[in-house]
1. Using protein chains only and a probe of 1.4 angstrom, how many square angstrom of Lys269 are accessible, to the nearest 10?
2. 7 Å from Cα along Cα→Cβ at both Lys256 and Glu317: what's the point-to-point distance in nm?
3. As a test question: what accessible area, to the nearest 10 Å², does Arg304 have when a 1.4 Å probe is rolled over all protein chains in place?
4. For the cross-link pairs Lys338/Lys362; Lys316/Lys367; Lys367/Lys391; Lys369/Lys391; Lys157/Lys316; Lys256/Lys316, which exceed 26 Å when the distance is taken from alpha carbon to alpha carbon?
5. With a/c under 1.5 counting as rounded, go ahead and sort the stretch 198-290 into rounded, prolate or oblate using the C-alpha gyration tensor (a ≥ b ≥ c being the square roots of the eigenvalues; past the cut-off, prolate if a/b is larger than b/c, else oblate).
6. Determine how many Å³ per residue the convex hull of the Cα atoms of the stretch 208-251 encloses.
7. Of the listed peptides 306-313, 207-214, 295-302, what is their order by residue-averaged count of other C-beta atoms within 10 Å, with the highest listed first?
8. Rounded to the nearest 10 Å², what accessible area does Arg410 show when all protein chains are kept and the probe is 1.4 Å?
Amino acid sequence: MGLSKKHFLIAEVLAAFFTNTQTEQQQEEYEIWEKERESNRDLAKHVLDKDNYIRFERIANRFDRQKGWKVFKDSLIKNSEVTHEIDLKSVTREKDSRRRLNRFRYWVGYAAVGIILISCGMFYWINRPVEEKRETIFAYQIDAGTTGARLTMADGKVVDIVKDQTFLLKEQDGTMIVTDSAGIDYLVHEVKDEKKEVRNTIQTLTGMEYTLTLSDGTIVYLNAESEINFPVSFKGEQRIIELSGEAYFVVAKDEKHPFVVKTPDLSVKVLGTSFNLRAYGNEKNVVTTLAEGKVQVFDGQKFRDITPGEQVVYEKETKNMQVKQVDVSRYTAWRDGKFIFRNERLEDIMMYLARWYNVQYKFMDDKVKDIRIGAKLNRYSDMSPIIEMLKTNAEMSVCLVDGVYYISVR
């Protein structure tokens, strides 16, 4: 929510009361505003609490004070016709102009604190219905993602697949397919016998997931911000696809034609199995987690074979591959509509959630990124329970400003 002229006026008056420098006019304005509704009195009590000031000052200290002063001063000048006119002439008539100027800056500094307090959710408090609880001060609904994708066909045609729409498409080799938001099934379509593979690309954008059934019967569940390049019909000795992002595979068994998933950093070779592969370009690791069967991970130099319940973590920077035993459900929960986090870094969690909820956030310091979180949440609910969970963590503060969540150490 942007700062209205009324908000600046309220902040100015409250800041004056906070520093005991209020004028008679401000006293009258405060009494009128306080009587408007009970929530205004609650807000004043909260803002004028010295303990709250100390807590919010820690957040304010992370901002550039010089830039903040300039922005705030410009805002005061811009809104002077509605708030309070600054009579510079009267200031110059004072015998001790330096003392007055310092006092003015002192007052405005606290007014800026008032602006910060209000911008961190108190504007919502001013305008909320009286019967709402104080705990909802940070309420801001962010809807969960949905099914959908972007299909790029071999001839270059691009089709955005959205919910409740159905398309009849003609492939380059003449194959006709039907697609909708539920997924594409290439298995049920007759493909002409051609030597050259006709390849499509399906991409899920932020807040999207999609299901694809390949021509061999393999089912691919694509997570948000992922992309898969695949043939309309497999040709040759291997069934090769390319992936960036995250996908869960249920591979159709075919001993004569191994199934190979290539990523920019490594490849995974299987015969018939179920596994999760997470290979986002902006993450440090590529993680292969096996649910059923057997897979072989190859980084161009080394092979690693894993069995159900095991995971290969490939570190991009060191090019090291580590095999470890894991709880598979933790890494495949997203396909079942859940988020499971167990002692994971907040930075990694927020990066993951942002792909699904399309949420904007910013860490105010590096220390907060390393706070560890554990939770089990519904993937298809809005993000409110997750924000509430973060707010109750004693190690951090969460502040919503104009649709962006600012996260800092308490």
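The values are calculated or read from the model by the stated rules, or taken from the named source; none is laboratory data. What you see is a predicted model; the values in this text were computed from it and never measured. We place every Cβ from the backbone using ideal geometry, glycine too, and count neighbours over all the protein chains shown. Ligands, DNA and RNA are excluded from the accessible area calculation, which covers all protein heavy atoms including side chains. Shrake-Rupley method; radii C 1.70, N 1.55, O 1.52, S 1.80 Å.
1. Surface open to solvent at Lys269 totals about 90 Å².
2. Result for the modelled spin labels: 4.7 nm.
3. Answer for Arg304: close to 70 Å² accessible.
4. Correct reply: Lys157/Lys316; Lys256/Lys316.
5. It is prolate, given that a/c is not under 1.5 and a/b is the larger ratio.
6. 63 Å³
7. The densest-packed peptide leads the list: 207-214, 306-313, 295-302.
8. Accessible surface of Arg410 is approximately 100 Å².
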